[in-house]
Amino acid sequence: MVRVIVEEVIRCTPEEFLEFVMDAERYAEIDDKIGPIDWVRRTGDLTEFRFRPVLPGVPGPAPKLVSQMRLTPGRRVDVQYAPLPRNRLNHRLSRFSASFEAEAAADGTSKVTRMISIDFAPFVRWLLEPVLRRRLPADVEKEVRGAKERLESA
């Protein structure tokens, strides 16, 4: 399993940060792991979107998938693969979870915690995990810095 956690203080409210995350197309502008997006659907606190993920350091196209983001207002966004029957191949190859937590801090800032966890099936684990252990931490740090720059310049 590969697990990455990055923390940052961002000058915005938790609600502003979490709404930025829930807007998949806007968030994709700062997250290189979100490749081309086919569609986005938001209903209340649930956003689903279909895209081609890009795994840092892994050559070749990954299979398209549908991701679900669920908002707990003012607190966090949890991300996972949409359940079966969607994402059959992705469910066979890996287990994925991610989250964005935001809590109010001093002077109009938020402490943001970004977590990504990927566990691959044994037949691809030996190939993908070493690459992601080396490349994913820097990629997630870059993503969080990009969110900080975007929100603080707005």
- Matching residues in the range 105-119 (of a type in the set (Val, Ile, Thr), assigned to a strand (DSSP E or B) and within 16 Å of Thr13 (Cα to Cα)) number 2
- Task: Within the range 144-151, identify whether any single residue is more than 19 Å from Val54 (Cβ to Cβ) and either surrounded by fewer than 16 Cβ atoms within 10 Å (Cβ to Cβ) or at pLDDT below 95 (or both), and answer yes or no.
- Result: yes
- Please tell me if Arg11 is among the basic types (Lys, Arg), surrounded by 13 or more Cβ atoms within 10 Å (Cβ to Cβ) and touching a Leu at 6+ places or on another chain (Cβ under 9 Å). yes
- Message: Can you tell me how many residues within the range 34-49 are part of a loop (DSSP other than H, G, I, E, B) and out of contact with any strand residue (DSSP E or B) (no Cβ under 6 Å at 6 or more places or on another chain)?
- Response: 1
- Query: Is there a residue in the range 116-132 that is surrounded by fewer than 18 Cβ atoms within 10 Å (Cβ to Cβ), out of contact with any helix residue (DSSP H, G or I) (no Cβ under 8 Å at 6 or more places or on another chain), on the phi < 0 side of the Ramachandran plot and β-branched (Val, Ile, Thr)?
  - Reply: yes
- Query: Which one is surrounded by the fewest Cβ atoms within 10 Å (Cβ to Cβ), of the residues in the range 53-85 that are touching a helix residue (DSSP H, G or I) at 6+ places or on another chain (Cβ under 7 Å) and small (Gly, Ala, Ser)?
  - Reply: Gly74
- Picking from Phe96, Phe17, which residue would you name as being more than 23 Å from Arg150 (Cβ to Cβ), modelled with pLDDT of 95 or more, buried (at least 18 other Cβ atoms within 10 Å of the Cβ) and not hydroxyl-bearing (Ser, Thr, Tyr)? Phe96
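The values are calculated or read from the model by the stated rules, or taken from the named source; none is laboratory data. Worth saying up front: this structure is predicted, and the values here are computed from it rather than measured. Please note: Cβ atoms are built from the backbone with ideal geometry, for glycine as well, and neighbour counts cover all protein chains shown.
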